[in-house]
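The structure under discussion appears below in the form of structure tokens.
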Amino acid sequence: MSIDISEALKALDNPARLAILAKLKDPHKNYPEQEVDPEEVGVCVSIIQEQAGLSQSTISLYLTALQRAKLVTSQRIGPWTYYKRHEENIAAFFKELRDLI
């Protein structure tokens, strides 16, 4: 899976999306209230939304942008959607960016 540098840069060109991605790097520390293991399944959208202090629709749009850029993955468990970083794609993004500059 290759990373679209432009899409990733667009997704990261927003302080709230960047903060979400940064917090997902250490989910145990940043989202301690989550009951299921965030390393395994990711962090629930409602917990991300609560911490960010933004509306559910805004958080959904932000997470969709990060997912479109292939920087996060999602999975549904029952009625809940969980997001986590896609570390391989993030590493590929940085490598492709370094190769360009």
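The values are calculated or read from the model by the stated rules, or taken from the named source; none is laboratory data. Since this is a predicted model, take the numbers as computed values, not measurements. Every residue, glycine as well, gets a Cβ built from its backbone with ideal geometry; the counts of neighbours run over all protein chains shown. Protein only, heavy atoms only, side chains kept; ligands, DNA and RNA dropped before computing areas. Shrake-Rupley method; radii C 1.70, N 1.55, O 1.52, S 1.80 Å.
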Taking the Cβ of Lys70 as the center, what net charge do the other residues with Cβ under 10 Å away carry, scoring Lys and Arg +1 and Asp and Glu -1?
-2
Considering the chain as a Gaussian network with a 10 Å cut-off on Cα pairs, which listed residue, Pro38, Pro15, Pro79, attains the greatest mean-square fluctuation?
Pro79
Report in % the part of the accessible area of the chain that belongs to carbon and sulfur, leaving out ligands and nucleic acids; probe 1.4 Å.
54
If one computes the Cα centroid of region 1-31 and of region 36-51, what distance in Å separates the two points?
14
Using the Cα centre of the chain as the reference point, and only Cβ charges (+1 on K/R, -1 on D/E), how large is the resulting charge dipole? Debye, rounded to the nearest 20.
240
Residues Ala91 and Glu39, FRET efficiency given R0 of 25 Å [Cβ-Cβ distance, rounded to 0.05]:
0.90
Can you work out the accessible area per residue across the chain, with the rest of the protein chains kept in place, probe 1.4 Å, in square angstrom?
60
Restricting attention to the chain, which trypsin sites (Lys or Arg not before Pro) occupy a DSSP loop and are surrounded by at most 14 other Cβ atoms within 10 Å?
Lys25
Pop a pseudo-label 7 angstrom from the Cα along the beta-carbon direction at both Ile5 and Thr73 and give the gap in nm to one decimal.
2.6
